[in-house]
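For reference, the structure I am asking about is given below.
The values are calculated or read from the model by the stated rules, or taken from the named source; none is laboratory data. As the structure is a computational prediction, the values presented were derived from the model and not from experiment. Cβ coordinates were reconstructed from backbone atoms using ideal geometry, including for glycine residues, and neighbour counts include every protein chain displayed.
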Amino acid sequence: MELNVVPAIEGVFRVVVDGEPVGYVVEVGRVFVTLRGPVYNTSIEVGQSLEFEAAVRLLAREKLASRVGG
């Protein structure tokens, strides 16, 4: 699984797994909000974390779980 995190706009990072955008991480003060969905303005909040890496891992885990059926 290839995971890339790239800046989308200021304070927003796009998470791409195997070339497919799976969601976003938004920096809101000291909190990182994880959004699932390929399009930023229609993505859905699925978690919050105090660590950027943990917010990214949430999307990677969801993508991996969807591949193995659950």
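Exactly one of these conditions fails for residue 63: (1) out of contact with any Leu (no Cβ under 8 Å at 6 or more places or on another chain); (2) surrounded by 17 or more Cβ atoms within 10 Å (Cβ to Cβ); (3) modelled with pLDDT of 95 or more. Give me its number.
Against the list (1) out of contact with any Leu (no Cβ under 8 Å at 6 or more places or on another chain); (2) surrounded by 17 or more Cβ atoms within 10 Å (Cβ to Cβ); (3) modelled with pLDDT of 95 or more, residue 63 comes up short only on (3).
Pairs, please: C-beta under 9 Å, at least 6 apart or cross-chain, first residue touching a residue at least 40 places away in the same chain (Cβ under 8 Å) and in the range 1-17, second surrounded by fewer than 11 Cβ atoms within 10 Å (Cβ to Cβ) and among the acidic types (Asp, Glu)?
That search, which allows pairs on different chains as well, returns 17/2.
Of all residues in the range 1-42, how many are acidic (Asp, Glu) and either at pLDDT 95 or above or surrounded by 13 or more Cβ atoms within 10 Å (Cβ to Cβ) (or both)?
Step one: filter the range 1-42 for residues acidic (Asp, Glu), giving 2, 10, 18, 20, 27.
Retained after the next criterion (residues that are either at pLDDT 95 or above or surrounded by 13 or more Cβ atoms within 10 Å (Cβ to Cβ) (or both)): 10, 27.
Final tally of qualifying residues: 2.
Continuing with the same structure: Among what's in the range 1-27 and is small (Gly, Ala, Ser) and in contact with a strand residue (DSSP E or B) (Cβ under 6 Å, 6 or more places away or on another chain), pick the residue that is farthest from residue 41 (Cα to Cα). Quick ask: steps written out before the conclusion?
Step one: list which residues in the range 1-27 are small (Gly, Ala, Ser), which gives 8, 11, 19, 23.
Keeping just the survivors that are in contact with a strand residue (DSSP E or B) (Cβ under 6 Å, 6 or more places away or on another chain) gives 8, 11, 23.
Numbers: 8: 12, 11: 14, 23: 11 Å.
Here the residue is 11.
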